[in-house]
Structures are given as C-alpha cells and as structure tokens.
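Here's the structure we're looking at; comments come further down.
The values are calculated or read from the model by the stated rules, or taken from the named source; none is laboratory data. Computed from a prediction, not measured in an experiment: that's the story for all the values here. Counting neighbours? That spans all protein chains shown, and the Cβs are built from the backbone with ideal geometry, glycine included. Ligands, DNA and RNA are excluded from the accessible area calculation, which covers all protein heavy atoms including side chains. Shrake-Rupley method; radii C 1.70, N 1.55, O 1.52, S 1.80 Å.
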Amino acid sequence: MNAPSCTQTAVLILLGPPGAGKGTQSRALERAFGLIQLSTGDMLRAAVKAGTPAGKAAKAVMEAGGLVSDEIVLGVLAERMSQPDTGRGVILDGFPRTLAQAEALDDLLALRGQCVGAVVSMEVDDETMVARVAGRFTCATCGEGYHETLKPAKMAGTCDICGGTDFTRRADDNAETARARLATYRQQTAPLIGHYEQTGVLMRLDAMQDIAAVSRDLVRMVEPVIRKGRSGGM
Ligand code: AP5
C-alpha cells in the first residue's frame, strides 16, 4: 500500500453496504486499539431522537433509505471530531458516503495535520446484507449489536456486555428500506472504492466470513497503519 505521508494519529474508514458489519467491526477495533468509533448513522439517529433541527430534517430521508444532505452530516461529524477524545485516532463508520464528503473530510483532517490512514472496503453479497439487516437488534443501554440467529445474546433477553434488558430495532431495518439503502450505496457510495484505490489507501476485506474471522483479518490489516500513525508518521 502506498499511503500518503502525513503526521498524527490513525484515521480509519470502514466502507461497505448496509449489513456489511461496519458497526460490529468498529466496536471490535475500539476494544482492540482504544480508537473511537464515529458512526454518522448513530449521530443522526441521536439527533432524530432528540428532535434537533438536523434530526427533523434527516428523519424522513433516513426512513426512505436515502442520504441525508452533506451539509447536515458534515455539521454533526465536525462537531464530534472537535472533541478531545478523538485525538487517539478514529474509525469512521458510514462516513464518507459521497465524493463531496470525502473531499470535505480531507479538508477537515488537513486542519488537524491528519490524513486518512486506511479505507477498508467490506465486501458482502446482496442476500447476506438483507438477512443481516432484517434480524438485527441493539442493546438500548450500551449499543452492542446483535442478530436473531447470527449473533444472539448468550442469555436471551440480556446484553452480553452490560447486562441491559432493553433492546431496540431500527426504523429502517425492513426489507423494503434495506433494498433502497443498497441502491443508494451502489449509486452514491460505491464510487468511493475507486477513489480511495487511486489515492493508495484502499484494502479489501472478505466480510462474508463469520464475525470472529472478519475481526481477525481486519485487525491484521489495520494494525500496521495504527502503529505507524501512533509513532508519528503515516
Ligand atoms: P448507518 O447507520 O450508517 O447504516 P448502514 O450504512 O445502512 O449500515 P448498517 O448500520 O445497516 O450496517 P453495518 O455495516 O454497520 O452492519 P452491522 O455491523 O450493524 O446509516 C443509516 C442511515 O443514516 C443511512 O441510510 C442514511 O440515511 C443516513 N446516513 C448515515 N451516514 C450518512 C452519511 N455519511 N451521509 C448521508 N447520510 C448518512 O451488522 C448488521 C447485522 O449483521 C448485525 O445484526 C450483526 O450482528 C450481523 N453481522 C455483522 N457482521 C456479521 C458477520 N460477519 N457474520 C454474521 N453476522 C454479522
């Protein structure tokens, strides 16, 4: 890989269609390396729940499986990136999703003396993606993700991580919206694979394997990038 030279901490991007495992693997990387997961989907869902102006504007678009405007997404991301805990390095989960967002990210990172260290393209087939999204549920207390058959809780009804007993399902996790989200991904986000291939930071990951195997391969791929970033020269 021929990554551009820049200084400072690790900035990793997990790129992939709905259900590729971006959220699941971001949390695994957080635990393995102490990085911070920044999910624009989670930030937007929090804004919808809080009824902020950004959330009100985003709600209908998210329920239809489209993309929220770059302006809104960049606003919530930039605000989160300005917090000090992001200094150890971040995993961007679900961002960028358009070329304009990728360019805005480069500008934002340049102001911090950073650049994108690695972009991992998580590759899954369409049927798998729909099955994963349809069976997903999340711990309402700590946000740990589960799946009815692929990743059930060890004790039914109790979160493995925090012991919470309340679980939620996303409004956009139904077959119809999942198909719309996939179409949006192909049209607007998949072109970023070629973009990052050209900039020399793209890695491809077989995300059809089970969760542990994907984690193992992902850690092996990104570990050198994280170490290099922390030693001050990416
Ligand atoms: P977002 O929340 O980012 O959703 P998404 O990209 O559709 O991705 P998902 O969260 O559905 O999937 P994932 O890849 O994280 O999979 P997970 O790990 O959960 O975005 C939602 C909406 O917000 C968008 O549609 C858009 O409207 C808006 N938005 C967000 N960011 C935006 C941006 N930058 N610009 C504009 N709009 C934006 O796994 C899924 C399930 O599968 C889980 O149950 C899990 O347990 C299971 N699983 C995971 N990996 C495996 C495996 N290897 N084997 C078996 N099961 C697995």
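Taking into account only those residues within region 73-122 that are among the acidic types (Asp, Glu) and open to solvent by 50 Å² or more (accessible area, probe 1.4 Å), which is farthest from the ligand (Cβ to nearest atom)?
Of all residues in region 73-122, those among the acidic types (Asp, Glu) come to 79, 85, 93, 103, 106-107.
Then keep just the ones that are open to solvent by 50 Å² or more (accessible area, probe 1.4 Å); that gives 79, 85, 103, 106-107.
Numbers: GLU79: 14, ASP85: 20, GLU103: 13, ASP106: 15, ASP107: 15 Å.
Selected residue: ASP85.
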The residue that is farthest from MET62 (Cα to Cα), considering only those in region 164-209 that are part of a loop (DSSP other than H, G, I, E, B) and open to solvent by less than 40 Å² (accessible area, probe 1.4 Å), is GLY200
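Among the aliphatic types (A, V, I, L, M) and over 17 Å from the mean Cα position of the chain (by Cα): which single residue out of ALA131, ALA78 fits that description?
Details: ALA78 fails: over 17 Å from the mean Cα position of the chain (by Cα).
Criteria check complete, one pass: ALA131.
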When every residue in region 128-141 that is within 18 Å of GLY16 (Cβ to Cβ) and not hydroxyl-bearing (Ser, Thr, Tyr) is compared, the one farthest from the ligand (Cβ to nearest atom) is VAL130
When region 55-75 is checked residue by residue, the ones that are closer than 22 Å to ASP107 by Cα and over 18 Å from the mean Cα position of the chain (by Cα) are GLU71
Report yes if ASP125 is acidic (Asp, Glu), within 8 Å of the ligand (Cβ to nearest atom) and either within 21 Å of GLN209 (Cα to Cα) or touching a residue at least 60 places away in the same chain (Cβ under 8 Å) (or both), otherwise no.
no
GLY66 passes all but one of the listed conditions (1) in contact (Cβ under 8 Å) with a residue 40 or more places away in the chain; (2) more than 7 Å from the ligand (Cβ to nearest atom); (3) small (Gly, Ala, Ser); the exception is number (2)
Going by what's in this entry, would LYS154 be described as at pLDDT 95 or above, more than 10 Å from the ligand (Cβ to nearest atom) and open to solvent by 30 Å² or more (accessible area, probe 1.4 Å)?
yes
Test: residue in region 38-57 that is modelled with pLDDT under 95, open to solvent by 50 Å² or more (accessible area, probe 1.4 Å) and touching a Leu at 6+ places or on another chain (Cβ under 8 Å): no
